[in-house]
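The numbers here are math on the coordinates, done by the rules we state, and not lab data. No experiment lies behind these values; they were computed from the predicted model shown. Neighbour counts run over all protein chains shown; Cβ positions are idealised from the backbone, glycine included.
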Amino acid sequence: MGSKALQQWAHEFRELSNSDPELRAHGRYFSCSYLLDSGEHRVVVQMYKGRVDDIVIDPGPLDEHYQFAIRASPDTWRKFAQKEPPPMYHGLWSATFRSGMRLEGDLLPLMQNLRCITRQMELLRETGAPVSSGRS
Amino acid sequence: MAKLSPVTGHYVDMKVQGDALRVFFLENGSGRPLVCQHTAGCHNHQWRYLLEDDDITSNYRVIAYDLARHGKSDPPRNRDWWKEEYRLTTDYFTDFILSFCDALDLEKPIFMGCSFGGNETLQLAYRKPDRFAGLIAVEGADYSPGYYLPWWHHPHANAAQVCASGVWDLMAPMSPDRDRWATWFYYAQGSEAFEGDLYYYSVDHDLRGHLDKIDTSRCPLVMLTGEYDYLTTPDDSRRTANQIRGAEFIEMKKIGHFPMSENYPVFKTYLQQALDIVESRLGEARKAAD
């Protein structure tokens, strides 16, 4: 995925997140930062009070601030982001239990924001994942 | 006056291992009792569509109870339950079900349980097959480790939302939003019992090495598991069924771990197959006896 396509993805993901009715309704305390890691690219998403504050694509060595990381292979991310994901790729828990996704770092903010994170990850079914051929 | 649902609710008083329990159940229909156990940390509204399905209730008396500490069934009335950590055991779960059937004078009901109830259905097949006319284990397996987690009660997180959103992708993404969110809502109500239920689900329940002793000639056993269930996968249930002589396993497509609640029309087609198998086995047994 080229840098222009990644920037476009970040723009769409931000717009979709900030206009999503569920995140708007329930995101008042949704403030945390997390990393989406595919091996191909690393994307830090910084949330503040339910809105995307910043999205940092492939941050430099001393510029990678996040609380927890969601890591998976490009293939797992592609399946995860399909409009109709196949079994065992259809959510953070299922992909972590069965499809090689890894949740790392401080998992407490993940659990504290589980409702909103779960919803926000489902928005990848609209934008595709930030990996090559990530759009379903 | 507005139309009333034919489903009625009652409380029944019973004893389980010395615990004085007032148990709530919903019921509708007539015929052989079909006793339904909800999933861990939930309550009997998961069976709301089955309870009002004329196709089933015209032939079966559908009864869906709340296990003690769930829904409208309170914790034991005669014990300081708040001074103990709740951990459900196989012995208690089994005794509860037998006591409930006795309290309602149910003779040879069909029992159907889902998730931890599916596991318990296998325990009934192993321990008490002669008490039941048929057993339907939904999302069950011989062993289901890995879900007894500290996050369910972590004091720094919102337990209701962790439980409800933690089970979210146990459901299939194509199940209707309305019913997935109803199921989420039920889970937001049950976090206090969820962890103790999962002690049973992931720790105490373990039928590995015992499946060959289950005798389905004494009680027919059908297992149903959805392809989107990441906890008890179809492979887990298939592996279990393959070790039980005479057990039938059906994989359910495009549905997950809460099939009766997340997408009843899809579940119903498989439930009818399961009931047909049970009835057919019962018919064969009657013929053999004649």
Name the residue, out of B:19, B:66, that is among the acidic types (Asp, Glu) and more than 18 Å from the chain's Cα centre (by Cα).
B:19
Filter result for residue B:22 (part of a helix (DSSP H, G or I) and surrounded by fewer than 20 Cβ atoms within 10 Å (Cβ to Cβ))
no
Turns out the strands (runs of 3 or more DSSP E) fully within region A:47-136 with at least 3 residues that are within 13 Å of the chain's Cα centre (by Cα) and more than 11 Å from chain B (Cβ to nearest Cβ) are A:51-57, A:68-71
Every residue in region A:115-136 that is within 18 Å of residue B:177 (Cα to Cα) and not hydroxyl-bearing (Ser, Thr, Tyr), please.
A:115, A:116, A:117, A:119, A:120, A:121, A:122, A:123, A:124, A:125, A:126
If residue A:83 meets every condition in (1) over 25 Å from residue A:24 (Cβ atoms); (2) basic (Lys, Arg); (3) touching a residue at least 40 places away in the same chain (Cβ under 8 Å) apart from one, which number is that one?
(1)
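Just to be sure, is residue B:120 closer than 26 Å to residue B:260 by Cα and either touching a helix residue (DSSP H, G or I) at 6+ places or on another chain (Cβ under 8 Å) or among the β-branched types (Val, Ile, Thr) (or both)?
For residue B:120, the condition - closer than 26 Å to residue B:260 by Cα and either touching a helix residue (DSSP H, G or I) at 6+ places or on another chain (Cβ under 8 Å) or among the β-branched types (Val, Ile, Thr) (or both) - is met.
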Can you name every residue in region B:221-250 that is under 17 Å from the mean Cα position of the chain (by Cα) and not in a helix (DSSP H, G or I)?
B:221, B:222, B:223, B:224, B:225, B:226, B:229, B:231, B:232, B:233, B:249, B:250
Wholly inside region B:109-214, helices (runs of 4 or more DSSP H) that include 3 or more residues that are among the aliphatic types (A, V, I, L, M) and within 10 Å of chain A (Cβ to nearest Cβ) are B:159-166
Exactly one of (1) surrounded by 15 or more Cβ atoms within 10 Å (Cβ to Cβ); (2) out of contact with any strand residue (DSSP E or B) (no Cβ under 7 Å at 6 or more places or on another chain); (3) not in a loop (DSSP other than H, G, I, E, B) is unmet by residue B:55. Its number?
(1)
Flagged in region B:262-281 as buried (at least 17 other Cβ atoms within 10 Å of the Cβ) and in a helix (DSSP H, G or I), in numbering order, are B:262, B:264, B:266, B:267, B:268, B:270, B:271, B:274, B:275, B:277, B:278, B:281
Please work out which residue is farthest from residue B:171 (Cα to Cα), limiting yourself to region A:87-134 and to residues that are surrounded by fewer than 22 Cβ atoms within 10 Å (Cβ to Cβ) and charged (D, E, K, R).
A:106
Qualifying residue in region A:8-18 (condition: within 14 Å of chain B (Cβ to nearest Cβ), assigned to a helix (DSSP H, G or I) and over 13 Å from the mean Cα position of the chain (by Cα))
no
